[in-house]
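What follows is a single structure, written as structure tokens, with notes after it.
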Amino acid sequence: MSRYSLSHLPDPVLLRELATLVARDRATTAALLARLAEVDARRLYAPAGHPSMFSYCVHELRLSEDAAYKRIQAARLARRFPVLFEVPGPLRGPGGRPAASERGGPAGPVPDSRERR
């Protein structure tokens, strides 16, 4: 059985595993952004032969151009505002509800890259 075939899992197990993976993804994303920010600040891409952090991410780390741009922007912002590394999940609005952008408010949700095409 493939480890990606999950139809045999009971609902509570599937939901618990999903929540665990989302938490782990948030933690690894924060760690990745912190390291990208530090490499950017130290300009470690230059000795590696790249003219920019973007070039380093695309050619060395093999990120797509879109992913490289977004991660670099997020890393730079989080370096300026370190509290962003501590945000545990989606931004919350008044009353603990998801912020407008998370619930499809005036700005709407951030579109998935597949939705832009």
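The values are calculated or read from the model by the stated rules, or taken from the named source; none is laboratory data. Keep in mind that this is a model prediction, so the values were computed, not measured. Here the Cβ positions follow ideal geometry from the backbone for every residue, glycine too, while neighbour counts run over all protein chains shown.
Here are the numbers for the structure shown:
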{"item": "Where Leu15 falls short, out of the listed (1) outside any loop (DSSP other than H, G, I, E, B); (2) aliphatic (A, V, I, L, M); (3) surrounded by 12 or more Cβ atoms within 10 Å (Cβ to Cβ)", "result": "(3)"}
{"item": "Pair list, Cβ under 9 Å, 6 or more apart: the range 61-72 residue more than 16 Å from Ala34 (Cα to Cα), other residue among the aliphatic types (A, V, I, L, M) and surrounded by 14 or more Cβ atoms within 10 Å (Cβ to Cβ)", "result": "Ser64/Val58; Glu65/Val58"}
{"item": "Tally of residues being closer than 22 Å to Pro82 by Cβ, in a helix (DSSP H, G or I), touching a Phe, Trp or Tyr at 6+ places or on another chain (Cβ under 7 Å) and not β-branched (Val, Ile, Thr) across the range 34-64", "result": "2"}
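Listed here are the residues, each with its yes/no results for (1) within 27 Å of Ala19 (Cα to Cα); (2) modelled with pLDDT of 50 or more.
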| residue | (1), (2) |
| --- | --- |
| Asp66 | yes, yes |
| Gln73 | yes, yes |
| Ala78 | yes, yes |
| Val83 | yes, yes |
| Gly96 | yes, yes |
| Ser101 | yes, no |
| Gly104 | yes, no |
| Arg117 | no, no |
